[in-house]
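Everything on this sheet refers to the single structure shown next.
Throughout, read-outs are computed from the coordinates displayed, never taken from laboratory work. If you're wondering where the values come from, they're calculated on a predicted model, not measured in any experiment. No Cβ is skipped: glycine too gets one built from the backbone with ideal geometry, and neighbour counts run over all protein chains shown.
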Amino acid sequence: MTALLSRRCSLVAAAAMGLGLVAAGPALAHSELHHAEPADGAVLRSSPPAISLMFAMPVRVMTLKLLDEAGRERKLARDGERGAAVAEVRATVQETLPPGTYRVEWRGASADGHVGGGTVGFRVERAAR
């Protein structure tokens, strides 16, 4: 009797593990930010000419903003088609950024429809004299 019960418990555990792996499949398909330029936490000696976000898998980036430390949005000109899923999104910074702290905010949807986003921060310092 205990051998039969032990076997049933093993089958139930194996089935639960299998269902867990199937449920994890879509989560593994979510794309995440792989690299950013400027990098998160970077300290720059001058204003960056562009912002670039590279993802592990293609993402349809719906929102891309550059904000200063007061929360004011700075002008960006995005490259490429806006509605397309891409592994990299790039935008030209349309003005010279004065010294200060900045953050890039993005939101996007991966191929499985999962919507996510994130923030990358950097600092522009005064040029040494």
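Rounded to the nearest 20 debye, what is the charge dipole size of region 53-129 about its Cα centre when +1 sits on each Lys and Arg Cβ and -1 on each Asp and Glu Cβ? Walk me through the numbers on the way to the answer.
On the way: 13 positive and 10 negative charges, 46 e Å.
Value, rounded to 20: 220 debye.
So for each of 65-74, 101-110 I average, over its residues, the number of other beta carbons within 10 Å; can you give me the resulting order with the highest mean first? Each step should come with its number before you reach the end.
Values: 65-74: 12.7, 101-110: 18.4.
Answer by packing, highest mean first, reads 101-110, 65-74.
Considering only Ala70, Val59, Gly117, whose Cα is most displaced toward the positive end of the charge dipole of region 59-129, charges sitting on Cβ of Lys, Arg (+1) and Asp, Glu (-1)?
Going by the Cα projections, it comes out as Ala70.
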